[in-house]
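Taken together, the values in this text are just the output of simple stated rules run on the coordinates, not laboratory data. Here the structure is a predicted model, which means the values were calculated and not measured. Every residue, glycine among them, receives a Cβ derived from its backbone with ideal geometry; neighbour counts consider all protein chains shown.
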Amino acid sequence: MIEVTLLGTGSPIPDADRAGPATLVRAGGQTLLVDCGRGVQMRLAGAGSSAGALTALLLTHLHSDHIGDLGDLIITRWITSFGPNPVPLTIIGPPGTADVVDATLRAFAPDIGYRLAHHPDLTGPPALDVQEFTDGVVWQRDGVVVRAAPTDHRPVAPTIGFRVEHAAASVVLAGDTVPCATLDELASGAGALVHTVIRKDLVDAMPLQRIRDICDYHSSVEQAADTAARADVGILVLTHYVPGIGPGGYDEWRALAATVFPRQIELGDDLHRVEVHPAVCGRGTVTPAG
Ligand SMILES: [Zn+2]
Ligand SMILES: [Zn+2]
């Protein structure tokens, strides 16, 4: 079984109730964090996890909403790892990730200096292992395999989606993208597809061109559902809601997806959890649990 927790279902637009984009994937005793937007550590705590518990951080792309709390995550893991040989945090992302991580460490250089000077048992800066990919197998450990494939979020490029597999269960995390053949292939037959979405019908009616611009490079609810249908996935999990969904609003979003995708559709508040089980033909089944 693979467990998916929507840690943050928000977007760049600040929301009192929704953290920035981040999804937790637990598989085979490993804890993978996909993107680390605003408030990610508060939601990690809410999900019973922490920066120190992460096996790896996977980044779909380098937009601010998806990496907003990267520095906080790196520093917190560092100062809450108390053993003599802390396990480096593996950070996997598209080309450009290493530069962003280096710049983040430079931004936190005063903090790192203060703490090294103050705590004799901290013997070095945060231990990190940054790896850049555009496709292929990016992680393989103890029965958990993660593959990446290019997505299409242009002019933001390169961007990637991930497919996590464990014991015949599989979950694909699309990130921000318009429909594309490489995502279709990555998602083919997966137990679940976690897809970011915007309501183009609502966003297109907004009076600000800068807001309407975001329709160019995101999938609408219907487009994400169409991708899920084409790829024949078992469960469609929607996240990254633009505009934020108000009280009682889920049924309308679910109905839009259901016009195209006839199977289980999941969406919800931050910390919404979905269990993805192995099934015949690799198809997943759903157990909504919170
Ligand atoms: Zn983006
Ligand atoms: Zn985004």
Next item on the list: Pull up all non-local amide H partners of V130: gap of 5 or more, or a different chain, and H-to-H distance under 5 Å with H placed in the peptide plane.
Entry: I91
Check: Once amide H atoms are built 1.01 Å from N in the peptide plane, which residues 5 or more positions from G161, or in another chain, come under 5 Å H to H?
Finding: A149, T151
Note to self: So if I take the centroid of the Cα atoms in the stretch 24-67 and the same for the stretch 68-141, what is the distance between those two points in Å?
What the structure shows: 14 Å
Checklist line | Spin-label pair A53/L202, simplified geometry with 7 Å Cα→Cβ offset, distance in nm | finding: 3.1 nm
Margin query: Using the Cα centre of the chain as origin and beta-carbon charges of +1 (Lys, Arg) and -1 (Asp, Glu), tell me which of V156, L33, L122 is placed farthest towards the positive end of the dipole.
Written below: L122
Margin query: Need one number for the stretch 1-88: average projected area of the convex hull over its C-alpha atoms, nm².
Written below: 5.8 nm²
Next item on the list: Quick one: dipole size for the stretch 67-212, taken about the Cα centre, charges +1 on Lys/Arg Cβ and -1 on Asp/Glu Cβ, in debye to the nearest 20.
Entry: 260 debye
Notebook entry, point to check: To the nearest 20 debye, what is the magnitude of the charge dipole of the stretch 2-288 about its Cα centre, counting +1 on the Cβ of each Lys and Arg and -1 on the Cβ of each Asp and Glu?
Noted result: 280 debye
Notebook entry, point to check: What's the percent breakdown of Cα-Cα distances in the stretch 159-290 across 5 Å bins, shortest bin first?
Noted result: 2, 11, 22, 23, 20, 13, 6, 2, 1, 0
Checklist line | Karplus-derived 3J(HN,Hα), 6.51/-1.76/1.60, for each residue of the stretch 248-264, Hz, glycine and proline x | finding: x, x, 5, 4, 5, 5, 5, 5, 4, 5, 5, 5, 10, 10, x, 9, 5
Check: Which far-off residues, 5 or more places away or on another chain, put their amide H under 5 Å from the one on S219, with H placed in the peptide plane?
Finding: T177, I198
Checklist line | Sorted largest first, extent of the stretch 8-160 alpha carbons per principal axis (Å) | finding: 46, 38, 30
Item checked: On Cα atoms only, tilt of 97-107 relative to the major axis of the chain in degrees -> 50 degrees
Check: So how strong a dipole does the stretch 129-175 carry about its Cα centre when Lys and Arg Cβ are +1 and Asp and Glu Cβ are -1, to the nearest 20 debye?
Finding: 120 debye
Margin query: Net charge within 12 Å of V260 by Cβ-Cβ distance, Lys/Arg positive one each and Asp/Glu negative one each, not counting V260 itself?
Written below: +1
Margin query: Output needed: percent of Cα pairs per 10 Å distance bin for the chain, bins running from 0 to the one holding the longest distance.
Written below: 7, 30, 37, 19, 6, 1, 0
Notebook entry, point to check: Per-residue ellipticity at 222 nm for the chain, helices alone: DSSP H runs ≥ 4 residues times -39500 (n - 2.57), over residue total, nearest 500 deg cm²/dmol?
Noted result: -7000 deg cm²/dmol
Checklist line | Principal-axis tilt of helix 109-118 within the chain, Cα atoms, nearest 10 degrees | finding: 50 degrees
Margin query: I'd like to know which of V242, T5, V260 lies farthest towards the positive end of the charge dipole of the stretch 2-288, counting +1 on Cβ of Lys and Arg and -1 on Cβ of Asp and Glu.
Written below: T5
Check: HN-Hα J couplings of the stretch 64-79 from phi, Karplus 6.51/-1.76/1.60, θ = phi - 60°, integer Hz, Gly and Pro as x?
Finding: 4, 5, 9, 10, x, 10, 4, x, 4, 5, 4, 5, 5, 4, 4, 7
Checklist line | Per-residue ³J(HN,Hα) for the stretch 230-246, Karplus 6.51 cos²θ - 1.76 cosθ + 1.60, θ = phi - 60°, Hz, x for Gly and Pro | finding: 4, 7, 6, 7, x, 9, 9, 10, 9, 8, 6, 7, 10, x, x, 8, x
Next item on the list: Output the relative contact order of the chain, whole-number percent, from Cα pairs under 8 angstrom with separation of 6+ residues.
Entry: 18 percent
